[in-house]
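Data first, discussion second: the structure below is written as structure tokens.
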Amino acid sequence: MIKLYDYELSGNCYKLRLLMSFLGLEYQTEAIDFYPGNQHKSDAFRRINPLGQLPVIDDDGLVLRDAQAILIYLASKYDPNGKWYPRDDAALLGQMAQWMAFADGITATSSAARLHDGLFYSSIDIDAARAGAHRLFRILDEHLFFAEEAGQDWICPGDHPTVADIACFPYVILSEEGGISRMTYPAIRRWCDRFKRIPGFIVMSGVFPAGPGFTDAAGVAA
């Protein structure tokens, strides 16, 4: 059975919990005291991941680190329909990789701001983190707007979300915890609402279920 080395408040760990819930996978968790215990920096944990970072999975002896890499692995191995990580379209593969790299930028900015505000990481340049997140959110919002205009609901073309959506979602939806408002990004807000309606969606602290309906600032229902 898959073991997830997990921290409940980690958006990167949440990505994996989301995908495994969408896929109906059974797994066990080993809680890591990220804060205040810094257990991920301990010698014992560094023997599992020398980078001292979460998340990590152990799937019958295969130990993998990095949320994006694990998303690709889980979708490739455990999604029999191949919808979360389609591999038969080179253009789509390239786009998924592009947006998963983009998600790393969201982590470096929006997540950093959340660490500063919520876990008191005083070494983070909070102004730079928030400014960087807003720059990326503007790019994502514009992309999603034009996707909607083309009749697409998700980050990459197709009628089903992919691992790119999962990679981007957590630190977008948790952005308010780092002082980064989403009020000026209506396409992002509509996408977040659609994401919450995917069968198997689960919440975490700071993330709430979809409401009965959603209307953006322009009064357009999603």
Matching option when the condition is without any contact (Cβ under 8 Å) to a residue 24 or more places away in the chain and under 21 Å from the mean Cα position of the chain (by Cα), among 131, 112, 90: 131
When restricted to 166, 180, 155, 188, the only residue surrounded by 15 or more Cβ atoms within 10 Å (Cβ to Cβ), over 15 Å from the mean Cα position of the chain (by Cα) and modelled with pLDDT of 95 or more is 180
In segment 1-38, which residues are closer than 19 Å to residue 205 by Cβ, of a type in the set (A, V, I, L, M) and in a helix (DSSP H, G or I)? 16, 18, 19, 20
Cβ-Cβ below 6 Å, separation at least six or inter-chain, first residue in segment 1-23 and polar (S, T, N, Q), second part of a helix (DSSP H, G or I): which pairs? 12/67
I'd like to verify a number: residues in segment 167-183 that are assigned to a helix (DSSP H, G or I) and among the hydrophobic types (A, V, I, L, M, F, W, C), how many? 5
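Kindly indicate which of 161, 170 is within 16 Å of residue 92 (Cβ to Cβ), in contact with a helix residue (DSSP H, G or I) (Cβ under 9 Å, 6 or more places away or on another chain) and touching a residue at least 40 places away in the same chain (Cβ under 8 Å).
None of the other options fit; the residue is 161.
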Residue match in segment 147-165 (condition: assigned by TED's automatic domain parsing to the domain that holds residue 126, farther than 21 Å from residue 104 by Cβ and part of a helix (DSSP H, G or I)): yes
Please tell me if residue 104 is within 20 Å of residue 8 (Cα to Cα) and outside the structural domain of residue 7 (by TED's automatic domain parsing). yes
Residue under question is residue 35, and the condition is that it be over 24 Å from residue 162 (Cα atoms) and surrounded by 12 or more Cβ atoms within 10 Å (Cβ to Cβ); does it hold? yes
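The values are calculated or read from the model by the stated rules, or taken from the named source; none is laboratory data. Everything numeric in this text was worked out from a predicted model, so none of it was measured. All Cβ positions, glycine included, derive from the backbone under ideal geometry; neighbour counts span all protein chains shown.
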